[in-house]
Structure formats: structure tokens, C-alpha cells
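Structure first, then comments.
The values are calculated or read from the model by the stated rules, or taken from the named source; none is laboratory data. Everything numeric in this text was worked out from a predicted model, so none of it was measured. All Cβ positions, even for glycine, are placed from backbone atoms using ideal geometry, and neighbour counts span all protein chains on display.
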């Protein structure tokens, strides 16, 4: 599995989820969606209007579709009013140097609805790898009664919708209202996983939980994300199937991944949701993301063994290459005894290829600080905690 790094220095592309949905409902396909996204990546943000220097060649290069197909996609977007040609009163070049690369080719008519930002690497991946957008187009396949064209469109729209719902500061990822996994106390019959174990010489307690297999999301989001009304029960079931298949494909292509987040207050309970807040990332189910974002699980294990809350020999396999409970869906975290009933572990999504804009940079800094603060707290765990 290739390890593709996301550059923090990469610029970002702004686009409209509403426009992507409108392309679908107006009869466009994934070629038109991809063309729209590439055109958005060619916009000069310093101009008042959405002036774009990209054309059919840029679209073909970044998406893998043919030049002829790219031309047809632009023609369709123009006919339907998603883009237009620049007027004589608008700049004809985006630089004092007049060249093909600085020529304004199109104006994108979405400036009032810009609600999604992605890294430019989502569209124009460098380093010899195909862009994530190109991989969606080339690698997503059909599934049962879901055609390939519909599956590709669904993946593009769902990726944008999840990116829109991602908030590192307030949610530590995608809003759990949209997607979440619940955890419950570990089964008492498992000798290695007592539900609660006191951490010696401290006020800490080691809590053991196990994931519930059913991953949930709101039906409202499922039906809204594809922007089409459900006709009957069979159609509603097909939309649900499309949603879960698109999410499965985005995970397979490593565009989204799961994280486990400790919350103060339960964000899954309506009466607690507004007051609940994330306090730390416990685990990141993605090897690449674990290299750039902090999490608590390793420090929890070290603390449990160092303090004698758990026996090292019991927790490791015979060769001590890793925890004996790995891949069981069970996890442990340490909290203050007085907080056991108010701390909840929640499975959430994070989306890769986030924009390196002010909101994300600030949000990621907040998330890193609070998780690192909890790691430091565990590292110095002693009597009186």
C-alpha cells in the first residue's frame, strides 16, 4: 500500500457542494463533476470573480479522462451555467506576463456557495502518484445494482460532503452527528478486560470498552448528500446502499479513516450534544495519519504497565511483538475516577487532503494541544492525580 504524504505547504482549492449536487441533478456525470473540480483548482483567489486559467488539457491531465471528453464536459458546464467565458471588462490574463498558462479561460459561477476546501494535492498530486481525484475515477467499480458511473459520482459527492462536515477544533474530525461508532463496557467474561481497574497510587482508573459493530449515521444526511428525493421504500434502500458503498470505497482508497476520540459528555445524546467537547484523540486507525497526529493509546499502555494497573506478561503475546488484544475491537483508556461516568469514547471519521487554510490549521493546533496535554498527564501520573 503506497504511503502518500500530504504537504502542509500545498495550496488549496475551494468549491461548492451545492454545485456538485446540481451537476448530478441536472444530468451531468462524473466527468462533469471532475471537470468542475479541476476548473476550481485553477482559480486565482486574489481576484473578485472566480477567474480560471485551466482548460481541457488541465482536466485531462489531472483526471485521466480524454481531452475530447474534457472538452465536452466544459461545453456542458457552460451550457448549464456552471461556468461562462470571461467578458471583455474582466481580466484576460492573471499575470503581467501574457501566456497560455496565465490566460483566463473561464469564470466559475459558484462564488456565493463556496463551502468545501481541499488540498490542491487532491486534484494535482505530485511525486509520481495519481491524484486522489484520478484514483476515484479510475479505481471505483460498480456494486450489484449500483452502476460504476453512479458509484464514482457518489464517492466524489460524499468526499466533499464529509470534508464540509470536518471540524478539528469542535469535533476532532467529522461531526459525529454524521457518522459515529459507539462503544460499550467490555464483557466481564473476558479475563484480560475487566471493565474497570484502579491505577495504583493514583486517582486514575483503567476503563475497558469494546466497539459496537453497527456504524451509524443520520438518515437525513444520507438522503441529503446525494441531493435527490426518495421515491419509495425500494428507492430509499438503494440510496442507503449507495451511501455505505461510497463510504466503503473512500476508506479503501484511503481518503477517509477512523479515529477514536475521548469526549467530555456524550456527543451522541441530543441533550448532551451542545455541551459535549472532545478532550483527546485516543487512537488513529491509519498508519500514515499516526505519523503526523498525536494519540493516547501507546501512552495509556505504558502508564498501565508502569503503574502496575496491568501485568505486562498478560497483555503481550509470547514474543511481545504487540498487545494480545490487538484487532479485537477492544480498547482501554485512563481517566480520573470522578470522571468515569462523563467520559465517552466515540469512533469518528477524518478526511484526508484537508485544506491548509486558517480554519484547519487553527483547528489542528487545538486538537494537537489537547491530545498532547493528555499524553503529558498520563506520563506524569502519580499519587494525587
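Only one of the numbered conditions (1) touching a helix residue (DSSP H, G or I) at 6+ places or on another chain (Cβ under 7 Å); (2) closer than 30 Å to residue 131 by Cβ is violated by residue 280, and that is (2).
List the helices (runs of 4 or more DSSP H) that sit entirely inside segment 205-309 and contain at least 2 residues that are closer than 23 Å to residue 21 by Cβ.
219-225, 233-252
Taking every residue in segment 298-309 that is at pLDDT below 85 and pairing it with any residue that is assigned to a helix (DSSP H, G or I), at least 6 positions away or on another chain, the pairs with Cβ-Cβ distances below 6 Å are 305/312.
One line per residue, one yes/no per condition, for (1) on the phi > 0 side of the Ramachandran plot; (2) surrounded by fewer than 21 Cβ atoms within 10 Å (Cβ to Cβ); (3) in the same structural domain as residue 351 (by TED's automatic domain parsing):
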site	(1), (2), (3)
240	no, yes, no
248	no, yes, no
260	no, no, yes
264	no, yes, yes
267	no, no, yes
290	no, yes, yes
293	no, yes, yes
297	no, yes, yes
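Applying the criterion of being surrounded by fewer than 17 Cβ atoms within 10 Å (Cβ to Cβ) and under 22 Å from residue 131 (Cβ atoms) to the residues of segment 70-113, the residue that is modelled with the lowest pLDDT is 101. Return yes when residue 374 is at pLDDT 75 or above, closer than 23 Å to residue 266 by Cβ and surrounded by fewer than 19 Cβ atoms within 10 Å (Cβ to Cβ) and no when it is not. The answer is no for residue 374. Among the residues of segment 131-144, just one is modelled with pLDDT under 95 and out of contact with any helix residue (DSSP H, G or I) (no Cβ under 7 Å at 6 or more places or on another chain), namely 144.
Among the residues of segment 228-238, which ones are in contact (Cβ under 8 Å) with a residue 12 or more places away in the chain and surrounded by fewer than 16 Cβ atoms within 10 Å (Cβ to Cβ)?
228, 236 - these are the residues of segment 228-238 that are in contact (Cβ under 8 Å) with a residue 12 or more places away in the chain and surrounded by fewer than 16 Cβ atoms within 10 Å (Cβ to Cβ).
For the condition closer than 27 Å to residue 269 by Cα and in a helix (DSSP H, G or I), residue 163 qualifies. In the set 17, 39, only one residue is crowded, with 24+ Cβ neighbours inside 10 Å and in contact with a strand residue (DSSP E or B) (Cβ under 8 Å, 6 or more places away or on another chain); that residue is 39. Scanning segment 172-188 for any residue that is touching a strand residue (DSSP E or B) at 6+ places or on another chain (Cβ under 7 Å) and part of a helix (DSSP H, G or I) turns up nothing. Test residue 280 against the stated conditions and say whether it is under 30 Å from residue 197 (Cβ atoms), buried (at least 18 other Cβ atoms within 10 Å of the Cβ), modelled with pLDDT under 95 and touching a strand residue (DSSP E or B) at 6+ places or on another chain (Cβ under 6 Å). Spelling it out, it is not the case that residue 280 is under 30 Å from residue 197 (Cβ atoms), buried (at least 18 other Cβ atoms within 10 Å of the Cβ), modelled with pLDDT under 95 and touching a strand residue (DSSP E or B) at 6+ places or on another chain (Cβ under 6 Å).
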